[in-house]
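Peer 1: Here it is: the structure, laid out below.
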Amino acid sequence: MTLLVVLDYLSVFIFALTGALVASRAQLDLLGFLFIASLTAVGGGTVRDLLVNREVVFWIANPWYIGTACVAAVLVFFTAHLLENRRRAIDWLDAGALAVAVPAGVGVALNLGHGPAVVVIMGMMTGAFGGLMRDVVCNEVPLVLRQGELYLSAAFAGALVALAVRFAIGPTPLALLACAVVTFLLRAGSMAFGWKLPVYKSRPPRNRM
Amino acid sequence: MTLLVVLDYLSVFIFALTGALVASRAQLDLLGFLFIASLTAVGGGTVRDLLVNREVVFWIANPWYIGTACVAAVLVFFTAHLLENRRRAIDWLDAGALAVAVPAGVGVALNLGHGPAVVVIMGMMTGAFGGLMRDVVCNEVPLVLRQGELYLSAAFAGALVALAVRFAIGPTPLALLACAVVTFLLRAGSMAFGWKLPVYKSRPPRNRM
Amino acid sequence: MTLLVVLDYLSVFIFALTGALVASRAQLDLLGFLFIASLTAVGGGTVRDLLVNREVVFWIANPWYIGTACVAAVLVFFTAHLLENRRRAIDWLDAGALAVAVPAGVGVALNLGHGPAVVVIMGMMTGAFGGLMRDVVCNEVPLVLRQGELYLSAAFAGALVALAVRFAIGPTPLALLACAVVTFLLRAGSMAFGWKLPVYKSRPPRNRM
């Protein structure tokens, strides 16, 4: 089992937990949990695989990924009521999933020999699209649109660090590990300490420029 | 004309009717009707074809599918005002379309030799994604998220029955027919008699588990 | 550099401007601008490329497209406050992008030898899907659903004109130019002078038909 497969399984499992928690907020039945959990879990990787033209989408080649998502969904269906604050749990689990999914996307794109720009984009997309689909379908405000939080920026920085390690030092596993750590620290720091980039603020039009 | 082609045409036509009815609720013009009807009609099958890597997407290989959707859209544009209750008509037509689209997806996946898990997922996705796109684009509450109704569960049960018939008895057409009947009966029973699975209800956290 | 490449770059740049302006309305940070701008800019062409099974998606073959979208996003991030009315700017830029993206889609489909129906659909999809993704993700009312405005109709008419010129007169560049002009004039006329098609209005059910 290669590192990429471990990353894929881990991101599937954690993203599925977030999907199931969102399903619990929408008070769906068990099949609804399975659906939203699976959509969240494999959404980002599916878009990645379609775009880079992998011969088979990862979870069709190996349906155990869907099985993993279903386990997570059932787990949440029977235990979510134990959580004090589901919104907060979703945010932290999503941060963990992001930190695993970005290196998973980066790793696939590196393996296929893509250039730096595509590697960074694939990392960000694999990280962001599953959660985006979950939020759009369930009509939550997408996490990528949450103002004043590092999300895409964390994914972007993680992907850049992966590239830097890969080309300066060498081993891909080290690059992916660095990517995961940087992505998680930035996202977690943003949630815990309010780290953020300046957001766009409209100002009145000036008279002269 | 094989059974799969008949199922595809039928699901395209009925889904297009539902799309056009949703377009009528949004008071769109004729092109809007054609767009939403087509999106609903071929959305699920398109995702299925992209995922299973069919050489050509079904409606690009044969644009008469889009023609069929357009006929349905024009029909609704000129007659929808005759309906007493468009929301109810959408629900029932969508149930019919679901009951045709699930076996269509199951059939394609069986033909391509996929395993049971992928067959079930393709059936559910072909059934659910067209309506999901329709509802997300038109900002209606997606039917898959409607609380306390069998929708994904009906599709799931239908796909399971198809598998059971296929492997226990044999002929694919019989399996697809059984799939359609089971899917429709469960969905219809849910709408008519309130059949449902238990939904997730949050309870206060317990002190001990 | 062929005409199709010029059209692709131009539509990427203008759509990216609209995406960044929508991001400014949502008060995102710079990475959010880059994300929404890129999604809008390459969304339509990506769906087109996946559906017609182009060997590589255009912006993966050539990541400068994403670079172009990023330039537009940065430009807007630092200058959007100079605009008096961003909603109006979005509408007009979107009209320009539509008028470039429709011929881009038509051109790709013609090049691949598709029939008239697929050519028209690819033109409309390339034109409409980037903006649709932008609006769905950012929770704006999709432009395609704006009542009483020509949008899809303008794209449809433009694609038809392209086909007519292509088969009656011949040269593809002329057909694409005519397509762009017709699409823009209809969309602009609709915004400036209120041109529209009749929209669906529900009437009470009649007693006899």
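Readers should treat all values here as calculations from the given coordinates under stated rules, not as data from a laboratory. All values reported here derive from a predicted model rather than from experimental measurement. FYI the Cβ positions are ideal-geometry reconstructions off the backbone, even for glycines, and counts take in every protein chain you see.
Peer 1: Using amide H atoms built 1.01 Å from N in the peptide plane, name the residues 5+ places from A:Asp29, or on other chains, whose amide H lies under 5 Å from its own.
Peer 2: Counting only residues 5 or more places away or on other chains, the set is B:Gly148, B:Tyr200.
Peer 1: Shifting gears a bit: Could you pull the copy-to-copy label distances for A:Asn85, with points set 7 Å along Cα to Cβ, in nm to one decimal and sorted shortest first?
Peer 2: Once sorted, the set of distances for A:Asn85 reads 4.3, 4.3 nm.
Peer 1: Please identify the trypsin sites (Lys or Arg not before Pro) of segment A:42-95 that satisfy two criteria: DSSP loop assignment and at most 13 other Cβ atoms within 10 Å. Which are they? Present the calculation step by step, with values, prior to reporting the outcome.
Peer 2: Numbers: sites: A:Arg48, A:Arg54, A:Arg86, A:Arg87, A:Arg88; in loops: A:Arg54.
Within segment A:42-95, no trypsin sites (Lys or Arg not before Pro) qualify (loop, at most 13 other Cβ atoms within 10 Å).
Peer 1: How many angstrom lie between the C-alpha centres of segment A:45-102 and segment B:2-68?
Peer 2: Taking the Cα centre of each part, segment A:45-102 and segment B:2-68 sit 29 Å apart.
Peer 1: So for chain A, taking the charge dipole from beta-carbon charges (+1 Lys/Arg, -1 Asp/Glu), which of A:Val22, A:Leu110, A:Val144 sits furthest toward the positive end?
Peer 2: The Cα lying farthest towards the positive end belongs to A:Val144.
Peer 1: Using only alpha carbon pairs under 8 Å that are at least six residues apart, calculate the relative contact order of segment C:74-183 and give it in whole percent. Can you show the working numbers first?
Peer 2: On the way: 124 pairs, mean separation 31.0, N = 110.
Dividing the mean separation by the residue count of segment C:74-183 yields 28 percent.
Peer 1: I need the shape label for chain C. Rule: rounded when a/c is under 1.5, else prolate if a/b > b/c, else oblate, with a, b, c from the alpha carbon gyration tensor.
Peer 2: Working: a/c = 1.75, a/b = 1.08, b/c = 1.62.
Verdict is oblate for chain C.
Peer 1: With a cut-off of 8 Å between alpha carbons and a minimum separation of six or more residues, what is the relative contact order of segment C:26-135 in percent? Spell out each step's value before the answer.
Peer 2: Details: 98 pairs, mean separation 43.1, N = 110.
For segment C:26-135, the relative contact order is 39 percent.
Peer 1: Follow-up. Less than 14 Å Cβ to Cβ from C:Leu17, Lys/Arg counted +1 and Asp/Glu -1: what total charge do the surrounding residues give?
Peer 2: Working: positive: C:Arg25, C:Arg86, C:Arg87, C:Arg88, C:Arg134; negative: C:Asp91, C:Asp94.
Taking every Cβ under 14 Å from that of C:Leu17, the sum is +3.
Peer 1: Okay, moving on. Which shape class applies to the protein assembly as shown: rounded if a/c is under 1.5, otherwise prolate when a/b exceeds b/c and oblate if not, where a ≥ b ≥ c are the square roots of the Cα gyration tensor eigenvalues?
Peer 2: Numbers: a/c = 1.39, a/b = 1.00, b/c = 1.39.
Taking the square roots of the gyration eigenvalues as a ≥ b ≥ c, the protein assembly as shown is rounded.
Peer 1: Order by neighbour count: C:Thr46, C:Thr2, fewest other Cβ atoms within 10 Å first, most last.
Peer 2: Working: C:Thr46 22, C:Thr2 10.
In increasing order of surrounding Cβ atoms, one gets C:Thr2, C:Thr46.
Peer 1: Indicate the gyration tensor shape class of segment A:93-209 (rounded, prolate or oblate), computed on the Cα atoms with a ≥ b ≥ c the square roots of the eigenvalues: a/c under 1.5 is rounded; otherwise a/b larger than b/c is prolate and the rest oblate.
Peer 2: Numbers: a/c = 1.90, a/b = 1.51, b/c = 1.25.
Cα axes put segment A:93-209 in the prolate bin.
Peer 1: If you don't mind, another one. Could you state the number of Å between the C-alpha centres of segment C:106-121 and segment C:133-159?
Peer 2: Going from one Cα centre to the other spans 21 Å.
Peer 1: Taking 22 Å as R0, compute the FRET efficiency from the Cβ-Cβ separation of B:Trp64 and C:Lys196 and round it to 0.05. List each step's numbers first, then the result.
Peer 2: Details: r = 30 Å, r/R0 = 1.36.
It comes to 0.15.
Peer 1: Related question: Going by how many other beta carbons lie within 10 Å of each one, how would you line up C:Ser11, C:Ser24, fewest first? Walk me through the intermediate numbers first.
Peer 2: Working: C:Ser11 29, C:Ser24 25.
Final ranking by Cβ density, sparse to dense: C:Ser24, C:Ser11.
Peer 1: What distance in nm lies between label points placed 7 Å from Cα along the C-beta direction at C:Gln27 and B:Leu83?
Peer 2: Modelled inter-label distance: 4.0 nm.
Peer 1: For segment B:90-97, take each phi angle, set θ = phi - 60°, evaluate the Karplus expression 6.51 cos²θ - 1.76 cosθ + 1.60, and give the result in whole Hz per residue in order, putting x for glycine and proline.
Peer 2: 4, 4, 6, 5, 4, 5, x, 5
Peer 1: Could you work out the relative contact order of segment C:3-193, using alpha carbon pairs under 8 angstrom and six or more residues apart, expressed as a whole percent? The partial results should precede the final answer.
Peer 2: Values: 307 pairs, mean separation 47.2, N = 191.
Result for segment C:3-193 is 25 percent.
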